[in-house]
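Working notes, structure below.
None of the figures in this text is laboratory data; all of them are computed from the coordinates on show. These numbers were taken from a predicted model, which means no experiment stands behind them. Backbone-built Cβ (ideal geometry, glycine too); neighbour counts: all protein chains shown.
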Amino acid sequence: MRRALFLVGVLACSRPLRTAQQPGAHDDPAAHAAPTPVATVDAGPCAEPDHDGDGVVDVCDACPDEPGLPPDGCPRRVVIEAAEIRITPQLFFPLNGATVMPPGRPVLEEIAAVMRAHPELRSVEVRGHASVGEATASRLAQRRADAARTYLVEHGIEAGRLVARGYGVDVPLDANATALGRARNRRVEFRILDAVQPPPSAPEHPRPVMPAGCPDAPPPRVGPCDDRPR
């Protein structure tokens, strides 16, 4: 009996002990290796390329090589000067029309954001213009000024801070001899009538709102990109 117990003890002690650092003979060594980090793939707007880094993904960016602003990704600036709110590009209208064209809406939204940020601009004249050859140019210019003013009021600007006036064809921006010149003359400008103090001459770029959970991502898709299959 003692001899049998002795042999069992010898056999047990001859087996190598398993430790956390020594995997068993039948274990998979890969199971004990450090886990490989798995890259998180975001299928949302963060995953879209944005070549110019302006927050508008390339597939929605009309100016992919030049930083701009939503929704089209093209550069725009609203500069407050001593006598006017200067905008680039200009706010144009269709021939014989007073409807704000889609490319001009982001410009108006930026103007509204700047005026909200600068309450010292107490009175701004919205000046409507027309081109030679348009029917009832004076009334059309007034309608254009009214349309831009209404858009700004709808976007949070107090009506008392805005005065709309039509100037007809009396103050052309370009020559009326060419179609391009006439198109440039169909516009709206913004003159500062009253300010508490001389405003700074500096570009104002309102920061776009980023989607939740994606602080460095572009804003949500806009326009035709809304319905683009993912």
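At 0.36 nm per residue, minus the direct Cα-Cα distance, what do LEU173 and SER138 gain on full extension? Give it in nm, one decimal, please. It would help to have the intermediate numbers written out before the result.
Numbers: separation 35, 0.36 × 35 = 12.60 nm, distance 1.58 nm.
So the extension gain works out to 11.0 nm.
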Next item on the list: Count neighbours as other Cβ atoms within 10 Å of each site's Cβ, and list the trypsin sites (Lys or Arg not before Pro) in the stretch 83-123 that are DSSP loop with at most 14 such neighbours.
Entry: none
Check: For the stretch 78-203, how big is the tail of P(r) above 24 Å, as a whole percent of Cα pairs?
Finding: 23 percent
Item checked: Among ALA130, THR88, THR99 the positive-end extreme of the charge dipole of the stretch 79-141 (Cβ point charges) -> THR99
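Taking the highest mean first, how do the peptides 102-108, 175-181 order by number of other beta carbon atoms within 10 angstrom per residue? Before the final figure, lay out each step's value.
Working: 102-108: 17.4, 175-181: 11.4.
Final packing ranking: 102-108, 175-181.
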